[in-house]
Every structure is written in structure tokens, then in C-alpha cells.
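Here is the structure we will look at, set down as C-alpha cells.
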Amino acid sequence: MFQSAKVLRTLGAMLAISVTAGCAEQAAPSPQYSSENGPELAGAWYQIYFETDKSDINARGKMIVDKVVSVVNSTEATRVTVIGKADRVGSPSANMTLSHRRANQVRDALVSAGVPATLIDTSWTGEGKQEVATANDEADQRNRVVDITVIKLAH
């Protein structure tokens, strides 16, 4: 039960970030949700981890991309939220750029694998929204991540 509540809180935060972030790229307007007919998790919350100062998707990340594509293809009326993050190694501006590159790499991999770009909301937070609080210049792989959520929209 605790894990479900954490996933739902995280989903809500990620949706808020993707919809309201000033740096968000969207190919289509975000859908509107009512309190009665809000989004529902279609698959799970996925994470692709990165090496320090890298934005290349590794073999495990490619497997996750394939899983997300499978969930999207088997679910009607979905949205995919992609949020790039960075740890605190390097300057805040470099980390913002790096998290942007990571988010775009994942978005591009999803599109190349068959997810329509119009279903993907992409944003990035730099080092601003970390899973694990760290000191400056402290590397932590849990913060070098792209979060991916697939939601099913209520009709």
C-alpha cells in the first residue's frame, strides 16, 4: 500500500512538472483532467539511468524503452511523460542542459520505436528535483535518471 501511495504522489508531481514547467516541450496541448476522471497509471513508472555527464541510453535503458512501447501499444488513449534529471556533479546550468539532452534522447528513442511524438510530454529539471538529496559535486546514479510514466486517460 505504501509503495502505491508513493507511486501516485510521484505521478502527480511528474504530471504537474510536465504540464507547468517553463522549459517543457509539447507537440500537442496537454489533456485536461477533472477530479472525477483523472489519469490512471497504464503500466508503471519506469526509470532509465545514465553515467556521469552522459546522455547515451545503455542496453538496460533500451529494454525499458521497448517495455514502454509495448505498454503504449497495448493501451488506448495514453500519454507518456518523460522527465530528465541530473545529479549535482557540475554546474547547475550544465546539469539543466544535460537533463534536457537525456530527456530528448529517451523521447527520440520512444518515437523511433513507434510511439507517436504527439503522445509524449517532455520536460527536464536539471539538479532541481532529485530523488536523493546530495551535496554539490556528489555523484549519485539515482539522480542521473529519466523518469517515464505511461498514463491512461479517462474518457
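List of remarks:
- Within region 102-130, considering residues that are within 17 Å of GLU51 (Cβ to Cβ) and among the charged types (D, E, K, R), the one modelled with the highest pLDDT: ARG102
- The set of residues in region 66-104 being among the polar types (S, T, N, Q), farther than 17 Å from ASP121 by Cβ and outside any helix (DSSP H, G or I) consists of SER74, SER91.
- Enumeration of residues in region 100-133 that are buried (at least 20 other Cβ atoms within 10 Å of the Cβ) and either in contact with a Leu (Cβ under 8 Å, 6 or more places away or on another chain) or among the polar types (S, T, N, Q) (or both): GLN105, ILE120, THR122, SER123, THR125, GLY126
- Counted residues, region 68-117 - those being in contact with a Phe, Trp or Tyr (Cβ under 8 Å, 6 or more places away or on another chain) and among the β-branched types (Val, Ile, Thr): 2
- Of all residues in region 109-130, those that are over 20 Å from VAL69 (Cβ atoms) and in contact (Cβ under 8 Å) with a residue 24 or more places away in the chain have Cβ atoms under 7 Å from Cβ atoms of residues that are in a loop (DSSP other than H, G, I, E, B) and charged (D, E, K, R), 6 or more apart or on another chain, in THR125/LYS85; GLU127/ASP87; GLU127/ARG88; LYS129/LYS85; GLN130/LYS85.
- Selected residue (criterion: farthest from ILE148 (Cα to Cα)) from residues of region 83-108 that are hydrophobic (A, V, I, L, M, F, W, C) and in contact (Cβ under 8 Å) with a residue 24 or more places away in the chain: VAL89
The values are calculated or read from the model by the stated rules, or taken from the named source; none is laboratory data. Note that the structure is a prediction, hence the values are computed from the model and not measured. Because the Cβ atoms are built from the backbone with ideal geometry, glycine has one as well, and the counts that use them run over all protein chains shown.
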